[in-house]
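The values are calculated or read from the model by the stated rules, or taken from the named source; none is laboratory data. These numbers were taken from a predicted model, which means no experiment stands behind them. Please note: Cβ atoms are built from the backbone with ideal geometry, for glycine as well, and neighbour counts cover all protein chains shown.
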Amino acid sequence: MANIQEQLIQEHASLIVEVVEACDDEAKTAQLLENLVVAEQNGWGKLCGAIRMILDGAREREELGDMDVEDEAIAQAMLMGIADPATLPQPDGNANPMLAPEGLAGIIASAATGEENALQMLARMDTDLAESPIPELQQFGQTLRRLLNGERNADSLTLGLDERTASLINAVLDELNKLGV
């Protein structure tokens, strides 16, 4: 079980660190709260609720309410990181897990209907990706823009992308298809 928890914590390392950092930074808290609105719409309700409680000062697991095993491991890692920053996982540059294929598709679908928080989140992502020194991330940002504009041809969207990025785009397309977008 510990191995599974460690894996969950590492997969969600950037989110864990982001929450811990936001506890001491009002600007980061404000941005994180905006992102939670979209994340909650994409099925992260209980974890988002726990994160809000942590940002409001909750420091004991019992204060966070009922969660599944995954959410509990993530929330516990956040609480441990607040108590002792040395326990924080190293993000290794992983993306926020709320932006997995399901999350990205949900954000794109919401943005396509004009939902303000989703549009703002995509705009920030677009800026960050465009300014990245990593060409693959720049290409990913351009492809997300094309998805938001309604393009759905997998061959065209993945042309020239590395295998990992193409796989992610295909997964996002599958999720958008499930959503009927």
**Message:** I'm trying to understand the selection: among the residues of the stretch 32-49, which are of a type in the set (Gly, Ala, Ser) and not in a loop (DSSP other than H, G, I, E, B)?
**Reply:** ALA39, GLY45, GLY49
**Asked** Within the stretch 138-165, which residues are assigned to a helix (DSSP H, G or I), surrounded by fewer than 17 Cβ atoms within 10 Å (Cβ to Cβ) and of a type in the set (A, V, I, L, M, F, W, C)?
**Response** ALA154
**Asked** Which residues, counting only those in the stretch 108-130, are assigned to a helix (DSSP H, G or I), polar (S, T, N, Q) and surrounded by fewer than 16 Cβ atoms within 10 Å (Cβ to Cβ)?
**Response** THR127
**Request:** Please identify the pairs in which a residue from the stretch 146-166 that is in contact (Cβ under 8 Å) with a residue 40 or more places away in the chain has its Cβ atom under 9 Å from the Cβ atom of a residue that is charged (D, E, K, R), counting only partners at least 6 apart or on another chain.
**Result:** LEU148/ASP126
**Item:** Filter result for PRO133 (over 18 Å from the mean Cα position of the chain (by Cα) and not acidic (Asp, Glu))
**Value:** yes
**Request:** Determine whether the stretch 85-92 contains at least one residue that is at pLDDT 90 or above, surrounded by 18 or more Cβ atoms within 10 Å (Cβ to Cβ), part of a helix (DSSP H, G or I) and not basic (Lys, Arg).
**Result:** no
**Message:** Take LEU122 and tell me if it is within 15 Å of VAL37 (Cβ to Cβ) and assigned by TED's automatic domain parsing to the domain that holds VAL37.
**Reply:** no
**the stretch 50-62, residues that are of a type outside the set (A, V, I, L, M, F, W, C), at pLDDT 95 or above and part of a helix (DSSP H, G or I)** = ARG52
**Item:** Index of the failed condition, ALA77 passing every other in (1) modelled with pLDDT of 90 or more; (2) farther than 29 Å from LEU137 by Cα; (3) surrounded by 14 or more Cβ atoms within 10 Å (Cβ to Cβ)
**Value:** (2)
**Message:** I'd like to check something: does the stretch 1-23 contain any residue that is out of contact with any strand residue (DSSP E or B) (no Cβ under 6 Å at 6 or more places or on another chain), outside any helix (DSSP H, G or I), surrounded by fewer than 13 Cβ atoms within 10 Å (Cβ to Cβ) and modelled with pLDDT under 85?
**Reply:** yes
